[in-house]
Amino acid sequence: MAVSEDKPTRARLISGPGILLVWLYGVMVVGAVSRSAYQIATEFDRAPLAYSLSAVAGLVYGFITYTLVRGGETARKAARVCCAAELAGVLTVGTWTMVEPSAFPDATVWSDFGMGYVFIPVLLPVSALYWLRKNARRGDAA
Amino acid sequence: MFDALTLVTGVAALLLAAWCGWAAYRDQPTKDWHFIGMAVVTVLALVQLVVGIVLLARGEKPEQGTTIFVAYLLGSFACVPAAGFMSLAERSKWGSVTVAAGGVVLAVLEVRLYDIWGG
């Protein structure tokens, strides 16, 4: 399968539904990074934990977007790990904000399972993991 | 003035989303007409950006802060063109879905802009 003429395309991850994932991840990158940058710059003391988490979320989103666009086997594995980490993050922070709201004086992108973002934060990693799995199977078959 | 523009842009974004969603439903990629639609929505967002900056320059203050206001204006201007370029790269119904998602995102941004301006 891995002949030389395959090289320039490098088993693109983004074709079909993948393009939608890249778009939504791109939106989340802009949302999370710009939000945390603004909040850390102006009012970090008010809710350091929440703002740092938003920043971390932004970085994770950025990395996933990059790996999705880049494609290839290594990138696919990396994207998978990051999506799993992201899902774990959303679930942890989501539960945490429900159980103990006082830890978060201000919302993060992951608060209440991403309710403020139409639940996109919790839906994205699930669909991305599904997509990566399906893609891998197709790759094996080829 | 600004609120009316926000409303018009938001409605136009939703119409674009519905239109491209329809194309996706019929298993079609985005076509020239869709790109003209995207251009119209983008021009609206650009007008909004310019009007917003003019209002700021005349000394009006958005309720939730100037920085956030400008950031959202820029975001809503970039939103639909970005989705449009991605649909150029993906010539299938998924390109149409992406533009539809872009329209929805822009509509959400407009709702936020309305709050930020303090309508």
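Every read-out reported here was derived from the displayed coordinates using simple, explicitly stated rules and does not represent laboratory data. This is a predicted model, so every value here is computed, not measured. Because the Cβ atoms are built from the backbone with ideal geometry, glycine has one as well, and the counts that use them run over all protein chains shown.
Per-structure values
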item	result
Relative contact order [Cα under 8 Å, 6+ residues apart], segment B:1-117, whole percent	45 percent
Dipole of chain A, positive end: most advanced residue of A:Cys83, A:Val33, A:Thr95 [Cβ charges, Cα centre]	A:Cys83
Mean ellipticity per residue at 222 nm, deg cm²/dmol - from DSSP H runs of n ≥ 4 across chain A, formula -39500 (n - 2.57)	-24500 deg cm²/dmol
Computed log₁₀ I(q)/I(0) - Debye formula, equal Cα scatterers, no solvent, segment B:67-119, q 0.13 Å⁻¹	-0.35
Simple Cβ-charge dipole of chain B, Lys/Arg +1 and Asp/Glu -1, about Cα centre, in debye nearest 20	220 debye
Between segment A:15-49 and segment B:1-79, the Cα center-to-center distance that results, in Å	20 Å
Kirkwood Rh and Cα Rg combined as Rg/Rh, chain A	1.06
Relative pair counts by distance (%), Cα atoms of the protein assembly as shown, 10 Å bins	7, 27, 32, 24, 8, 1, 0
For segment B:1-109, alpha-carbon Rg over 2.2 N^0.38 Å	1.12
